[in-house]
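One structure is given here, and the rest of the page talks about it.
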Amino acid sequence: MIRKGRRGEIRVELEPEERILLRRVAGELEALLLAEDGDDPSLRRLYPAAHDDDRLEEEFRTLTRAQLDAGRRQALKTLAETSGQDRLSREEADAWLRALNDARLVLGTRLDITEDFDWETLEGHPRAPELAVYAYLSWIQEQLLDALS
């Protein structure tokens, strides 16, 4: 459970296994971002097109990709380093939100999750464990948003 504390801090009450999962997700996404090819199709939602013109799009990516990746890696590092804490600052919670959002985008792309995905079919689904991770990350993100608002 994640909630706002009396002094504005974010209180985090998670099981050890949940904390391990968050560190693992952060590490796996960071490794994917650092991979040499960097063009893994599951990353496409992290870099939506900014221009219809291919030349302008390439120029935009050249100018912004390194900065975007640096911010993503920092958020993932914060998630991994603070996943064991019982309290987060607002800045740390914001980093968690960004890291979780990126992880959900990548995992959702890999799983081909759309708005009309039927969650009632989760049990017995061949990718149920991955779908459960996606749902868990969504739940954590929702709790963080509630705590920050």
Where GluC sites (Glu not before Pro) fall in DSSP loop in region 1-77, at most 14 other Cβ within 10 Å: GLU13, GLU36
Of all chymotrypsin sites (Phe, Trp or Tyr not before Pro) in region 53-149, which ones are in loop regions per DSSP and have a Cβ with at most 15 other Cβ atoms within 10 Å? PHE117
Along the charge dipole of region 31-149, which of SER42, LEU137, VAL106 sits closest to the positive end, that is, farthest toward it, with unit charges on the beta carbon of Lys, Arg, Asp and Glu (+1, +1, -1, -1)? LEU137
Residue-normalised accessible area of the chain, expressed per residue, 1.4 Å probe, Å²: 62 Å²
Exposure ranking of GLU142, GLU115 by accessible area [1.4 Å probe, largest first]: GLU115, GLU142
Which of these values of log10 I(q)/I(0) by the Debye sum over Cα atoms at q = 0.09 Å⁻¹ was calculated from the structure shown: [x] -0.32; [y] -0.46; [z] -0.27? [x]
ASP53 paired with GLU120, simple spin-label distance in nm, labels 7 Å along Cα-to-beta-carbon: 5.0 nm
For the charge dipole of the chain, defined by +1 on Lys and Arg C-beta atoms and -1 on Asp and Glu C-beta atoms about the Cα centroid, which residue among LEU68, LEU56, LEU79 has the Cα displaced farthest towards the positive pole? LEU79
Using a 10 angstrom cutoff on alpha carbons, build the Gaussian network for the chain and name the most mobile of ALA75, ALA50, ALA99. ALA50
Using the Cα centre as the reference, give the magnitude of the dipole from point charges on the C-beta atoms of the chain (Lys, Arg: +1; Asp, Glu: -1; all else neutral), rounded to the nearest 20 debye. 880 debye
Candidate cut points under trypsin sites (Lys or Arg not before Pro) in region 63-129, DSSP loop plus at most 14 other Cβ atoms within 10 Å of their own Cβ, are ARG127
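Carbon and sulfur atoms: what percent of the 1.4 Å accessible area of the chain do they account for?
Roughly 50 percent of what the probe reaches on the chain is carbon or sulfur.
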Where the centroid of each part is defined by its Cα atoms, how far is region 91-149 from region 1-59 in Å? 11 Å
Simple spin-label model, 7 Å along Cα-to-Cβ: ASP146 to ASP40 in nm? 3.1 nm
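The values are calculated or read from the model by the stated rules, or taken from the named source; none is laboratory data. Just so it is clear, the model here is predicted, and its values are computed rather than measured. As a convention, Cβ positions derive from the backbone with ideal geometry for all residues, glycine included, and neighbour counts pool all protein chains shown. Heavy atoms of the whole protein, side chains included, go into the accessibility calculation; ligands, DNA and RNA do not. Shrake-Rupley method; radii C 1.70, N 1.55, O 1.52, S 1.80 Å.
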